[in-house]
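First the structure, in the form of structure tokens, and then the observations on it.
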Amino acid sequence: MALLETKDLSINFGGLWAVSDVDFAIEPRQIIGLIGPNGSGKTTFLNIVSGIYTATRGEAYLCGEKITNLKPYQIFQKGISRTYQSSRLCWNLSVADNLLMGTYTSQKHSIFDAIIRPCKVNNEIYDYLDQGLEMLSYFNPALVDRRYDLAKNIPHIDRRRIEITRALLSHPKVLLLDEPTAGLNDEETMSMMDEIRMIKEKLVDIAIIIIEHDMKVMESVPERIVVFNAGMKIAEGTYQEIVTDQNVIDAYIGGEDE
Ligand SMILES: Nc1ncnc2c1ncn2[C@@H]1O[C@H](COP(=O)(O)OP(=O)(O)OP(=O)(O)O)[C@@H](O)[C@H]1O
Ligand SMILES: [Mg+2]
């Protein structure tokens, strides 16, 4: 049984099939890259899997349990967390507060605990913060010292790292990364991909789906690559299989200036 699986997953926006009949599966410990031209449905696919959009037809399963039609917070609690193509940090909050936002729906205490047992609540929050800072240090140890800096004063690549750390704080089974290298230069992009590989080594059981524009960036990290075009999955395989697939060349690489 796959960790995350979709069958015929489809969504229609006013006549446009943004995602159409996508069968997809990922196992624990796998990294799968998702590529495709602009508008091919990559983000929409993640939006359906994470519950932001409701599928028009088809299903998604996590550990065999149907998750289609669940609310985003329920899917998050079941073990799928994500980052977004554009930054979702609160710029006027500190690095630490941004990290803690990712723990909101996982925190065990209630509002009554906050009144009656504030120490217990503080302990839980500090525990999450310690975990968050430790994870953040895997990316960039200097960020730990900047934990009380406002997010708006942090360099772009570090903001990306904070967003990934925030997603990891819920200890997801599946991590969805929507273009984590967006806005990064070539050197930063390579560094980010190394860091994603490092996450995989530290958190052995996690499965990661990573959307990326640049085919070359996909060469070293994912074990398999899935290619979307016009909402459909047109190819799946290793990097070598994908770069020689005629459908992919026509749909995607053919449009690149390389
Ligand atoms: N909420 C929505 N309402 C209507 N159309 C939408 C909506 N969300 C996405 N679409 C359309 O679905 C198609 C797929 O968009 P999507 O953002 O998933 O593409 P993408 O592969 O992530 O592209 P990019 O590489 O530019 O990020 C596009 O035609 C887009 O305009
Ligand atoms: Mg997108």
Requested in this report: Report, by residue number, each residue of region 1-34 that is in a strand (DSSP E or B), under 13 Å from P222 (Cβ atoms) and in contact with a helix residue (DSSP H, G or I) (Cβ under 9 Å, 6 or more places away or on another chain).
Outcome: I31, G33, L34
Query raised in the report: How many residues, within region 41-61, are in contact (Cβ under 8 Å) with a residue 60 or more places away in the chain, aliphatic (A, V, I, L, M) and more than 9 Å from ligand 2 (Cβ to nearest atom)?
Result: 1
Query raised in the report: Of all residues in region 17-39, how many are within 6 Å of ligand 1 (Cβ to nearest atom), on the phi < 0 side of the Ramachandran plot and either surrounded by fewer than 20 Cβ atoms within 10 Å (Cβ to Cβ) or at pLDDT below 95 (or both)?
Result: 1
Query raised in the report: Among (1) of a type in the set (A, V, I, L, M); (2) under 16 Å from the mean Cα position of the chain (by Cα); (3) within 16 Å of ligand 2 (Cβ to nearest atom), where does V221 come up short?
Result: (3)
Query raised in the report: If we scan region 70-82, do we find a residue that is within 20 Å of M232 (Cβ to Cβ) and in the same structural domain as N229 (by TED's automatic domain parsing)?
Result: no
Requested in this report: Please work out if Y53 is in a loop (DSSP other than H, G, I, E, B), within 23 Å of L9 (Cβ to Cβ) and not β-branched (V, I, T).
Outcome: yes
Query raised in the report: Could you give every pair whose Cβ atoms fall below 9 Å, whose first residue belongs to region 168-182 and is over 12 Å from M135 (Cβ atoms) and hydroxyl-bearing (S, T, Y), and whose second residue is part of a loop (DSSP other than H, G, I, E, B) and modelled with pLDDT under 95, counting only separations of at least 6 or pairs across chains?
Result: T181/E212; T181/H213; T181/D214
Report summary line: Across region 42-69, the tally of residues that are over 18 Å from I206 (Cβ atoms), of a type in the set (S, T, N, Q) and either within 14 Å of ligand 1 (Cβ to nearest atom) or not assigned by TED's automatic domain parsing to the domain that holds K7 (or both) stands at 5
**Report entry** Candidate set: region 202-214, residues that are modelled with pLDDT under 95 and either among the charged types (D, E, K, R) or within 13 Å of ligand 1 (Cβ to nearest atom) (or both); chosen: the one nearest to the chain's Cα centre (by Cα)
**Finding:** E212
Report summary line: Restricting region 194-212 to residues that are within 22 Å of V49 (Cβ to Cβ) and part of a helix (DSSP H, G or I), the one nearest to ligand 2 (Cβ to nearest atom) turns out to be I196
Query raised in the report: What tally of residues in region 115-125 results from selecting those that are at pLDDT below 80 and under 20 Å from Q77 (Cβ atoms)?
Result: 1
Report summary line: T44 meets each of (1) assigned to a loop (DSSP other than H, G, I, E, B); (2) within 14 Å of the chain's Cα centre (by Cα) with one exception, condition (1)
**Report entry** Answer from G231, G183 - the residue that is within 16 Å of ligand 1 (Cβ to nearest atom) and touching a Ser or Thr at 6+ places or on another chain (Cβ under 8 Å)
**Finding:** G231
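The values are calculated or read from the model by the stated rules, or taken from the named source; none is laboratory data. Bear in mind that the values here come from a model prediction, so they are computed numbers and not experimental data. Virtual Cβ from ideal backbone geometry, glycine too; neighbours counted across all protein chains shown.
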